[in-house]
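Reading through the structure tokens given below for one structure.
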Amino acid sequence: MTTVGIIGAGHIGSTLAEGLVARGYDVVIANSRGPETLADLVTRLGDKARAATAAEAADAADWAIVTVPLKALGDVPTEGFDGKIVLDTCNYYWERDGHIPALDENTTTTSQLVAEHLHGAKVAKAFNHITSTDILVDGRPAGTENRRALATAADDADAAAFVTALYDEFGYDTVNIGPLADSWRVERDRPAYVVRQNADELRANLARAER
């Protein structure tokens, strides 16, 4: 059985944990406050979920999700992710994270920062431009007219293909932006951010994005 390590138990992390457990995955979830603070969540999720430290979640994972405020990225362990696909849902909110000059100056992307921190991991952007309240309710079967689409970006083709398959499990089409360097097109305040769009509309919104 596939085990997913989730680093971050906020709205996105806990929602994805729920969706993954429902789809048969084992989940090991961690937050910054310690496993004991996740007792209610793992009780609700059931036997296929357990709480752990971030390092334990990374070690246990066949693949992982990092879903933390960017200001907490430095606290995510760098060990345990080598060679593994890691989904990055992170977004930059300077009001919360403090100013990050490289992002303010558009010389990097949030996903590139995650990839630099988790050197050796195969990082892919995923689930960053959909609200947590939509993730488990907006999905539709493949081929449904006007099916909602989500974007991914990755420097590794296998990671991008992995996200495409996972999106389909959750009921979404995929638009591949390309490398992590281009993932800014789906970051905060761009046309594709947290709006409902099908694949054609998402491609158009990505193309309209200005840096």
Quiz item: Between R147 and residues 5 or more places away or on another chain, which pairs have amide H atoms under 5 Å apart, with H built 1.01 Å from N, and which residues are they?
Solution: none
Quiz item: Which whole-number percent gives the relative contact order of segment 1-141, counting Cα pairs below 8 Å spaced six or more residues apart?
Solution: 23 percent
Self-check item: Alpha-carbon centroids, segment 100-148 and segment 61-99: separation in whole Å
Solution: 11 Å
Quiz prompt | Matching label, volume of the Cα convex hull per residue in Å³ computed from the structure shown, candidates (1) 166; (2) 111; (3) 152 | solution = (2)
Quiz item: Going by how many other Cβ atoms sit within 10 Å of their own, how do I29, I135 line up, fewest first?
Solution: I135, I29
Practice problem: Per residue of segment 83-97, in order, report the coupling 6.51 cos²θ - 1.76 cosθ + 1.60 (Karplus, θ = phi - 60°) as ³J(HN,Hα) in whole Hz, putting x for Gly and Pro. | Solution: x, 9, 6, 10, 8, 9, 9, 5, 10, 9, 10, 4, 5, 9, 8
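Every number in this text was worked out from the coordinates using simple rules, so none of it is lab data. Note that the coordinates shown come from a computational prediction; the quantities given were computed from them, not determined experimentally. Backbone-built Cβ (ideal geometry, glycine too); neighbour counts: all protein chains shown.
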